[in-house]
Amino acid sequence: MNGTALDGAVPIHSLDRAGTAIAYRRSPGLGPGLVFLTGFRSDMGGGKAVALEGWARERGRACVRFDYHAHGASGGDWAQGSIGRWRDDALAVLDRVTEGPQILVGSSMGGWIALLLALARPERVAGLVGIAPAPDFTERLIRPRLGPAEWRALETDGQFIAPSAYDPAGYPITRHLLEEARDHLVLAPGSSPLPIRCPVRLLHGQCDPDIPWQTSLDLAGALQSQDVRVTLVKDGDHRLSRDADLALMLRLVGELAVA
């Protein structure tokens, strides 16, 4: 591991996972600690991750934020990225960087990754907060919208470029991502209830153009935990990064941190 102070007082470090440097920032403190899991094509420098770390440092609570393979400051080839690979990156951070129980805070795709962590390490997860969680988004949202041109590109090039409101260049969706994700679905029709029993808080905007807010209701119904609450923000978008949204996220985190 190495460390270089790139911004603020918390230095950036990296751990090696399968030959790829996974970048992370860790601020020490009391437990249960907090782990922020970013969304698809996002990174640990985003507003929610930074706000969570600042909140934790003010209270002397441990906090970790990191970048998955081929995201942000981490290494790796995007074409090799997948839900399973990013899940394993998160597991490596949980196992090698944190100690004791953790509260997982997952944004968008990070909500899916957080669920997979809670399934893999139930004894390490003290609570889970999902912000516009996007479980199974590859199956529920991407595949149904594919047209002939996208299917052709997947067959010939192994990927297509999806338009994005957050990146004018769009972003590549690979055949590998879509196919591998089917091994990690958590809301497939007819599937058993998710054996996640920790407290869960879900926050979703009802003006989210990317992930329908009903996804959080579906997820709440699928969890075995009896301590699940869904908070809807009527005018909230997908990012939920306004000051009021961040304050609400931190209030939900604080609720679990003192439970």
Worksheet item: Across segment 9-68, which residue is nearest to the chain's Cα centre (by Cα) among those that are closer than 24 Å to Gly254 by Cβ and aromatic (Phe, Trp, Tyr)?
Response: Phe36
Discussion item. Just the residues that are surrounded by fewer than 19 Cβ atoms within 10 Å (Cβ to Cβ) and small (Gly, Ala, Ser), please, taken from segment 223-242.
Written reply: Ser225, Ser241
Worksheet item: What's the number of the condition Ala162 fails, among (1) over 18 Å from the mean Cα position of the chain (by Cα); (2) at pLDDT 95 or above; (3) over 19 Å from Arg121 (Cα atoms); (4) surrounded by 12 or more Cβ atoms within 10 Å (Cβ to Cβ)?
Response: (2)
Worksheet item: Within segment 223-259, how many residues turn out to be among the hydrophobic types (A, V, I, L, M, F, W, C) and within 21 Å of Pro195 (Cα to Cα)?
Response: 5
Worksheet item: Can you list the strands (runs of 3 or more DSSP E) found entirely within segment 73-174 that contain at least 1 residues being touching a strand residue (DSSP E or B) at 6+ places or on another chain (Cβ under 8 Å) and without any contact (Cβ under 8 Å) to a residue 40 or more places away in the chain?
Response: 159-162, 171-174
Fill in: Members of segment 243-259 that are surrounded by 18 or more Cβ atoms within 10 Å (Cβ to Cβ) and in contact (Cβ under 8 Å) with a residue 60 or more places away in the chain
Leu246, Met249, Leu250, Leu252, Val253, Leu256, Ala257
Worksheet item: Going through segment 189-206 one residue at a time, which ones are out of contact with any helix residue (DSSP H, G or I) (no Cβ under 7 Å at 6 or more places or on another chain), part of a loop (DSSP other than H, G, I, E, B) and surrounded by 12 or more Cβ atoms within 10 Å (Cβ to Cβ)?
Response: Arg197, Gln206
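The values are calculated or read from the model by the stated rules, or taken from the named source; none is laboratory data. This structure is a prediction, so every number in the text was calculated from the model and none was measured. All Cβ positions, glycine included, derive from the backbone under ideal geometry; neighbour counts span all protein chains shown.
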